[in-house]
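The numbers here are math on the coordinates, done by the rules we state, and not lab data. From a predicted model like this one, the values you see are computed outputs, not experimental measurements. For neighbour counting, all protein chains shown are included, and Cβ atoms are generated from backbone atoms with ideal geometry for every residue, glycine included.
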Amino acid sequence: MKHLLKMLDLSTEEIIDILNLADQLKYELKHGIPHPLLKGKTLGMIFQKASTRTRVSFETGMYQLGGYPLFLSSNDLQIGRGEPVQDTARVLSRYLDGIMIRTFEQKEVEMLSEYGSIPIINGLTDFCHPCQVLADLMTIRELRGSFDGLKMCFIGDGNNMANSLTVGCLKVGMAVSLACPEGYRPPDEILDFAGKYDNFELTADPLTAAKGADVVITDVWASMGQESEAEMRRKAFAGYQVNDRLMAEAAPDAIVLHCLPAHREEEITEKVFEAHANEIFEEAENRLHAQKAVMVKLMA
């Protein structure tokens, strides 16, 4: 494991290894045990998309590991004025010990890894969100003890979250059911991967997807960069809300997760969100621990 570019690149063993380390680092933090495993290291964090959880969790995590996080807004970098990604990669590789980037196009992340000589971490692209899904898997295992026999259903857009959840959950042995409207399904690359598994289902019916699910996950209907499509998407996703009717199809003790921010009364009702708020905010906290594990694996 040289980089974290997408869930498709990780083996099952690498995913479990990251989760085990994340659990250990979380335990040590909660019990006041220092772990300055990245003392003297510097992480450059390139943000071409706004963030709450990604920025705060990476900055805090790097500080807790004894390193230094350097915030790099696209407004402050020459990459924001047209400098080629490959040149930025080669320059920053001479200053930093690792780069985390949160951007639009997956090819930018891939090019940083190709031309740079330091570890690259994908903090989010339009194609995938591996850091979030590692935190989700950590939360699921934390609350259920194991992935064995569990079913995850995702309700909504076949977006970066659906892509990474499908890959990650299948790789750790969970059954996966996606409910996406026509025209909003995951890309062929993800469906080709998932099609190799007998425990994968893609449907247009949210109630079918939720049937017997142990974990119900959703995301906003219009992500960053899709604001102009918001009204069209509201119509397309009108029947794809996580509500009491849908939860009645899931397992009685089903977990509900959301990567946040949530638009209450759109993709999820206020009632369902608040009933599962402890799970959702444990998931948000676990971004910190999972990303620390990734940084240690790549940069220590």
_With a cut-off of 8 Å between alpha carbons and a minimum separation of six or more residues, what is the relative contact order of the chain in percent?_
21 percent
*Using only the alpha-carbon atoms of region 72-183, report the extent along each of the three principal axes, biggest first, to the nearest angstrom.*
47, 34, 21
_Subset of 26/292; 39/297; 196/297; 171/271 violating a 20 Å alpha-carbon distance limit_ = 196/297; 171/271
*Could you work out Rg/(2.2 N^0.38 Å) for region 11-93, with Rg from alpha carbons only?*
1.33
*asked:* Cut-off 10 angstrom, C-alpha nodes, Gaussian network model of the chain. Which of 23, 136, 219 fluctuates the most?
replied: 23
*In whole Hz, what ³J(HN,Hα) sequence does region 192-207 give by Karplus (6.51, -1.76, 1.60; θ = phi - 60°), x for Gly and Pro?*
5, 5, 5, x, 7, 9, 6, 9, 10, 9, 10, 9, 9, 9, x, 5
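Contact order normalised by length for region 132-283, with contacts defined as Cα pairs under 8 Å and 6 or more residues apart; what percent is it?
On the way: 261 pairs, mean separation 38.0, N = 152.
With pairs under 8 Å counted, the relative contact order is 25 percent.
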*Using the count of nearby Cβ atoms within 10 Å as a rough guide to exposure, how do 201, 229 rank from fewest to most?*
229, 201
*Over region 132-283, equivalent-ellipsoid semi-axes from the Cα gyration tensor in Å*: 21, 19, 14
*Provide 60, 88 in ascending order of the number of other Cβ atoms located within 10 Å of each residue's Cβ, fewest first.*
60, 88
*Taking R0 as 22 Å, what's the FRET efficiency between residue 282 and residue 14 from their Cβ-Cβ distance, rounded to 0.05?*
0.40
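Could you put 220, 296 in order, starting from the residue whose Cβ has the fewest other Cβ atoms within 10 Å? Spell out each step's value before the answer.
Details: 220 23, 296 20.
Going from least to most buried by this count: 296, 220.
Say R0 is 25 Å: what FRET efficiency, to the nearest 0.05, do residue 106 and residue 71 get from their beta-carbon distance?
Values: r = 22 Å, r/R0 = 0.88.
Efficiency at R0 = 25 Å is approximately 0.70.
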*Calculated [θ] (222 nm, deg cm²/dmol) that DSSP helices of n ≥ 4 give over the chain, each run adding -39,500 (n - 2.57)*: -13000 deg cm²/dmol
_DSSP-loop GluC sites (Glu not before Pro) across region 85-153, with at most 14 other Cβ within 10 angstrom_ = 105
